[in-house]
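Working notes, beginning with the structure itself.
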Amino acid sequence: MNMTLPNLYIIKSWLMLLLAAGTLLASCSQQPKTEEKEEARTEKPRFAAEGVTLIQSQLDAVGIRMGSLEEKNLKSVVKASGQLEVPPQNKAEVTLLMGGVVNQVFVLEGQHVFKGQKLATIENNQLIQLQQDYMSALSNLAYASKEYERQRELNAANAGTGKIYEQSQTALRSEQAKVSALSRQLRQVGVSPQSAAHGRFITQIPVYAPISGTIGKIVIQTGSYAEPARPLMNIIDNSKVHCDLVVYEKDLFKVKAGQQVYFTLTNQNNREITGKIYGVNQSFENESKAIIAHAVIEQAAKNNLIQGMYVSALIDVGQQLATAVPTEAVVKMGGKEYIYYLAKMGTDNHTKAGEGTSGKSYVFKKAEVVTGVTDLGYTEIKLVKALPADIKIVTKGAFYILSSENATGDEEE
């Protein structure tokens with residue numbers, strides 16, 4: 001098909017117009033996204049590498065306050081750990097001097113018992129023989145006593161011989177010793193010598209509680225054989241529980257009897273109790289360079305404490321001058337502790353039209369710290385990296401700054 005020059009010129013003009021229109025539409029569709037990126041680039045750097053930037057109105061709204069690092073007289077403490085123990089006189093194992101078959105058990109594990117309460121009875125036929133021997137010894141003692149009195153009277157009247165008198169005296173002492181020994185044996189197995197003396201024999205050995213406390217593990221049952229000197233059950237009195245704390249050599253000379261101790265029960269929701277040091281060992285434990293400090297616990301019976309619980313403790317060893325900040329100035333993030341300080345102060349140039357007027361802006365940065373003792377609303381700190389002595393720190397509202405920083409980090413991601 002043949003075309004004239006005027007027709008080609010018209011077609012070329014239309015093509016150029018269509019191309020220009022497409023370019024215009026593409027530029028119009030991309031313009032808002034470009035503006036959004038520009039706007040983002042102007043706002044987000046306020047919370048990026050230079051720190052957290054806040055304006056005066058934000059500080060006023062959340063009550064952020066600033067101050068200086070202070071030197072405070074705070075409690076000096078020694079950190080220690082250990083576990084709860086019961087003194088030897090407050091725990092007992094119930095045993096027998098004479099074995100036998102278990103006839104009855106009167107208590108259950110976990111039951112509270114009082115000293116002298118009957119716990120069980122043990123059947124033993126040998127007990128009959130022991131009581132018979134005691135009655136026989138009493139009879140022999142009575143005869144020996146009468147013979148001695150007769151020989152003493154004869155000797156006084158010079159009607160007897162001194163040798164027979166001495167023999168009667170020796171026999172009397174022998175029978176007295178035998179009666180005393182058998183009486184003691186009866187008492188040890190829980191039998192009254194007075195009852196045996198009147199012929200009221202028993203075949204069951206009563207087992208009594210040697211102390212007041214709570215029954216632990218019971219290893220006997222009805223019908224089983226209870227061997228001599230083997231524990232039948234144990235009793236523990238947790239009302240006198242105390243704490244054995246491990247103190248290392250570097251703190252050895254700081255810890256003394258009478259010092260206050262603040263305990264935290266590690267497996268009991270960090271419940272706090274108090275006590276006092278009452279004694280410090282004077283020898284190291286095994287191969288470690290550590291000693292044991294013993295602390296009595298105040299109102300131990302009311303705290304429902306049990307032997308074996310693990311504790312962390314702070315031993316109050318006096319006061320010391322330390323760098324400190326208000327406790328709420330310290331924030332935690334990622335397992336570390338920080339304070340915020342004023343890094344830069346300027347004029348806010350980001351206030352949008354119709355949203356207020358320009359004001360001061362503050363750039364805050366965080367500094368890692370290691371905390372120590374907390375006392376009177378202040379916490380001891382040690383800076384990981386040194387800051388100028390006249391630096392301004394955030395004393396109130398640090399958590400808000402931390403939240404702003406975390407929120408900004410999430411947005412950037």
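The values are calculated or read from the model by the stated rules, or taken from the named source; none is laboratory data. Source: prediction; values computed, not measured. Counting neighbours? That spans all protein chains shown, and the Cβs are built from the backbone with ideal geometry, glycine included.
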**Prompt:** Looking at (1) modelled with pLDDT of 85 or more; (2) of a type outside the set (Phe, Trp, Tyr); (3) in contact with a helix residue (DSSP H, G or I) (Cβ under 6 Å, 6 or more places away or on another chain), which is the only condition Ser239 fails?
**Reply:** (1)
**Asked** farther than 24 Å from Gln131 by Cβ and surrounded by 19 or more Cβ atoms within 10 Å (Cβ to Cβ): does that describe Leu232?
**Response** no
**Prompt:** Given the residues Ala196, Ala171, which is the only one that is in contact with a helix residue (DSSP H, G or I) (Cβ under 7 Å, 6 or more places away or on another chain) and touching a residue at least 60 places away in the same chain (Cβ under 8 Å)?
**Reply:** Ala196
**Prompt:** basic (Lys, Arg), at pLDDT 90 or above and outside any helix (DSSP H, G or I), is that true of Lys256?
**Reply:** no
**Asked** Do you know which residues across the range 54-81 are part of a strand (DSSP E or B) and among the hydrophobic types (A, V, I, L, M, F, W, C)?
**Response** Leu54, Ile55, Met66, Leu74, Val77, Val78, Ala80
**Asked** Do we have any residue at all in the range 300-307 that's farther than 14 Å from Val78 by Cα and of a type in the set (D, E, K, R)?
**Response** yes
**Request:** Please list, ordered by first then second residue, the pairs with beta carbon atoms under 7 Å, 6 or more apart or interchain, first in the range 361-378 and touching a residue at least 40 places away in the same chain (Cβ under 8 Å) and over 30 Å from Thr347 (Cα atoms), second basic (Lys, Arg) and buried (at least 19 other Cβ atoms within 10 Å of the Cβ).
**Result:** Val373/Lys75; Asp375/Lys75
**Selection status of Gly308, in a loop (DSSP other than H, G, I, E, B) and closer than 30 Å to Leu182 by Cβ** = no
**Asked** When you scan the range 123-147, how many residues do you find that are crowded, with 19+ Cβ neighbours inside 10 Å, of a type in the set (A, V, I, L, M) and either at pLDDT 90 or above or touching a Leu at 6+ places or on another chain (Cβ under 6 Å) (or both)?
**Response** 3
**Fill in**
Within the range 195-214, residues in contact with a strand residue (DSSP E or B) (Cβ under 6 Å, 6 or more places away or on another chain) and either buried (at least 19 other Cβ atoms within 10 Å of the Cβ) or assigned to a helix (DSSP H, G or I) (or both) come out as Ile205, Val207, Ala209, Gly213
